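Just below is one structure, and these are the notes that go with it.
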Amino acid sequence: MDKTVYELAMRRIELVFNEFDNIYVSLSGGKDSGILLNLCMDYIKKNRLSRKIGVFHIDYEIQYNETIKYVERTLQSYPEYFEIYHVCVPFKVNTCTSMYQTFWRPWDNDCKDLWVREMPANCYTEKDFPFYDPDMWDSEFYILFAQWCHRLKNAKKTCCLVGIRTQESQHRWNTIHSNRRNQMYHNLKWTRQLADNLYNAYVIYDWLTTDVWTANGKFGWDYNRLYDLYYQAGVPLEKQRVASPFISAGQGYLSLYRTIDPDMWGKMICRVNGVNFTAMYGRTHAVARRDVKLPPGHTWESFMYFLLSALPESTRNNYLQKLAVSISFWRERGGCLSEETIADLRSHGIKIDVLDDTNYKTDKRPVKMEYQDTVDIPDFKSVPSFKRMCICILRNDHLCKYMGFALTKKEIEKRKMIMEFYQNITQY
């Protein structure tokens, strides 16, 4: 008989509790992390366990008040079971609301007069973490915190439970289904190794959004009441998220802050550059959220240079450097494309050089080609074009994620240096 997603999740949680002596749950304040924590408490109470688990919450300062209230309720709900890590650190956080700012810092002491609220009592700050560095991004902090917690608890094996579901995005699907057996715990695809004896576990990866709300209703679990307000505002289920309001995915619904949480809105427009503009135009072609319109008399390449000319020098140079790297990559190494996309390019008369071998683990083949102005094919996002670059600029996508950019070699080396430095710290 087939198991329900609830039963499968409880089996995975049982394995985690049996295998790891140090466990903590990453709580964002959203529906998925909330469900995950409730599942863990369900397991603990049903099995009458006396052990504690950690609850790790990164506080990004700016959030809906309903999210803040929900996190506060949750952190106070089981004091006999929870070891709380409420973190307020001024690391760098990506923002796509401004052409001037590539990042902002929550809880930045230099902007204390502009904080949208008081720092919570008994929280952890940068002074508590010997690995903190002002140039650190939030994504780097997550990994180094895991190592810090592992050492703090003198643990043999540490597991961080993370509430991600493959239904949410292609990136999350890849996290679970990519071919990386050497990074799994005992070949379990819902785990990922971060460091020696340190893993992430994604026990609800196969849940659907309907499963989440069914569980909340059936078991009477508490949840973030922001989702009720989202529903009343007509926000589709798949768009109801509580992540940072300034990232690319949040641009289209940033304006909801004005309606749902006007007090927070009044504070946040002074806190991060470009918030008001993004709220007004975040769902329009002005920031490439709908069909991007090419001005008369322009090609996409000329339009790109026109957009760049209007940017601050540092921002312009960032995009030009990304563009140069991408052009060189497609000329010298080639990007991996499917057979269907290769056939589409050939049918459009585009000159390409298809290679047979690649170092990447994929069935796709590497293709060398020059940048195109634009390409009218279904797999448009996989092919290098000046139109795609224009979309990055209009979206204030400083990292060029829409172009498929990951961390640069310099950024990777910097992260490696920070992590190696922390590995050598023997005292807290």
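Throughout, read-outs are computed from the coordinates displayed, never taken from laboratory work. Remember, it's a predicted structure, so these values are computed and weren't measured experimentally. Quick reminder, even Gly has a Cβ in these numbers, built from the backbone with ideal geometry, and neighbours come from all protein chains shown.
Tabulated data
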| item | result |
| --- | --- |
| Amide H within-cut-off set for Gly54, under 5 Å, with H built and near neighbours excluded | Ile23, Tyr24, Val25, Glu83 |
| Hydrodynamic radius by Kirkwood, which averages 1/r over all alpha carbon pairs of region 27-114, in angstrom | 15.0 Å |
| Cβ-based net charge around Glu14, under 12 Å, with every Lys or Arg adding one and every Asp or Glu removing one | 0 |
| Net charge contributed by nearby residues that have their C-beta within less than 11 Å of Leu229 (K/R +1, D/E -1) | -2 |
| Fewest-first sequence of Ser309, Ser33 by Cβ atoms within 10 Å of each Cβ | Ser309, Ser33 |
| FRET efficiency, 1/(1 + (r/R0)^6) with R0 60 Å, evaluated for Phe306 and His186 via beta carbons | 0.65 |
| Sparse-neighbour loop sites [trypsin sites (Lys or Arg not before Pro); region 1-97; at most 12 other C-beta within 10 Å; DSSP] | Lys3, Arg48, Arg51 |
| Computed over region 5-209, Kirkwood Rh from alpha-carbon pairs, angstrom | 18.1 Å |
| For Lys157, distant residues with modelled amide H under 5 Å away | Asp21, Asn22 |
